[in-house]
1. Springs between alpha-carbon pairs under 10 angstrom, Gaussian network model over the chain: which of Asp101, Asp365, Asp215 fluctuates most?
2. How much length, in nm to one decimal, is gained on full extension between Leu49 and Ser142, taken as 0.36 nm per residue of separation minus their Cα-Cα distance?
3. Using a 7 Å offset from the Cα along the Cα-to-Cβ direction at both Val62 and Glu281, what is the distance between the two label points in nm, to one decimal?
4. Report, in deg cm²/dmol and to the nearest 500, the calculated mean residue ellipticity at 222 nm for the chain, where each DSSP H run with n ≥ 4 adds -39500 (n - 2.57) and the sum is divided by the residue count.
5. Where only protein heavy atoms count, and the probe is 1.4 Å, what is the accessible area per residue for the chain in Å²?
6. Given points 7 Å out from each Cα along the Cα-Cβ axis, report the Gln23 to Lys135 separation in nanometres with one decimal.
7. Tell me the relative contact order for the range 311-425 as a rounded percent, counting alpha carbon contacts under 8 Å between residues six or more apart.
8. Working from the pairwise distances between different alpha carbons, so that the mean of 1/r is found and then inverted, what is the range 168-222's Kirkwood radius in Å?
Amino acid sequence: SWEKRILKSLNSMCTELNIPLAQKRPVNEQKELLNKWNEMGTDEPDLSLFRPVYAPKDFLEVLMNLRNPNYENGEQPSFRNHLGLIQVPLKVKDIPELKEDFSELGLNIGQLGIDDSAQVPPELFENEHVRVGQKVLAEQDSAAAQQYVRQGCPTALRADLWALILNISNQPEDILYYEQLKSNVIQHNLLVDSLIYKDVKLTASNDDYYFVFEDYLYQVLLCFSRDTSVLEHFTYSSATPPKSYIQGKLGMEEYAVFYPPNVNYNSFILSVAPLCFLYHEPSKLYQIFREMYVRFFFRLHSISSHPSGIVSLCLLFETLLQTHLPQLFYHLREIGAQPLRISFKWMVRAFSGYLATDQLLLLWDRILGYNSLEILAVLAAAVFAFRAVNLMEVTSLAAAEAVLADLSTLKVMPLLQIFLFATVT
């Protein structure tokens, strides 16, 4: 029903604005777009009539209303005490299990992103870590690279290490594929192009870090919206791709086409922007983003029971908070400031747009290293723990949001380490 709602929103926008879902661009328009391909950000079309298909809070409402039809309300004592917004009894990890899974984040293990590790002077660890990283790259060992980035990537090696982990080599055929997608953009105009355009203008263009990458974002996202290879992720996703019918052939399956080929309609733009710091060649940037999306980010936008899916992440966050900061959890709940209402937007965007870029990349190192998004929920809980004293004094949701409005000064690694390894369990 959520998928139907999204489609209905898209179709009603079509009808209201009298714009087709897709149409061929006139030849003069094609030439114009080709000429300004590298400076699309200079365009200022009137997009006031286009609206986002949904906002994170709409998606959260859907997740809050999920129930398991095979499950008697509150009969099992194990879940009866869960007082959060997510009411689906999925299995999530506790701190001892997380400690085991994220053992390389231990307090006595060297990390990039920690300035004052007592065990080893930072510069000694860093020099040795860079040396090992160079060796891993020289051997082109993807599994070793994945293990290596669990302790963080040196800035100079990150782009190559991530490409190695994601198996991206940017061969001539990859560049050709990107050029084909680009020519699809030039030839056809999709309704979702305007939505992408508006989303970039509203998010990245106003961001102190990301506004310089506006042109890259259009290039990557417009091509991405036409890339049918991304549909493969639906084979291991519980979601189904939306379909549309060729004009005049409504309901005839042989005329059904996926529309748009794969795009998600809301602010996954910010999951491209940080990658622009690492990759400056559009075809390689494109491939890295596509691989990050089909491995990780699509899970933040689709409803499933996967441990890295957004439902499990929400439940893991609420469970960690309820178990380890019960007073804070109950206080916020009592004043109508359910913690998940605040942290949901961080997790659904993988913290992009909230953390300083250097900290965000350190966090994403660990997503790649552990092949899991669970660290997003752990970090969200750690942020609440860090600001617990101030949060205990607030008396409304607005006041709680104000306390947590700016995460740009936070240091990710100390927060995660303290929460996981210095919490009494």
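The values are calculated or read from the model by the stated rules, or taken from the named source; none is laboratory data. Values in this document were obtained by computation on a predicted structure and should not be read as measured data. Glycine gets a Cβ as well: all are built from the backbone with ideal geometry, and neighbour counts include every protein chain shown. Just the protein is used for accessible areas: all its heavy atoms, side chains included, with ligands, DNA and RNA removed. Shrake-Rupley method; radii C 1.70, N 1.55, O 1.52, S 1.80 Å.
1. Comparing Asp101, Asp365, Asp215 in the GNM, the peak value goes to Asp101.
2. 28.8 nm
3. It is 3.8 nm.
4. The helix contribution divided over the chain gives -15500 deg cm²/dmol.
5. 46 Å²
6. 6.2 nm
7. 36 percent
8. 12.5 Å
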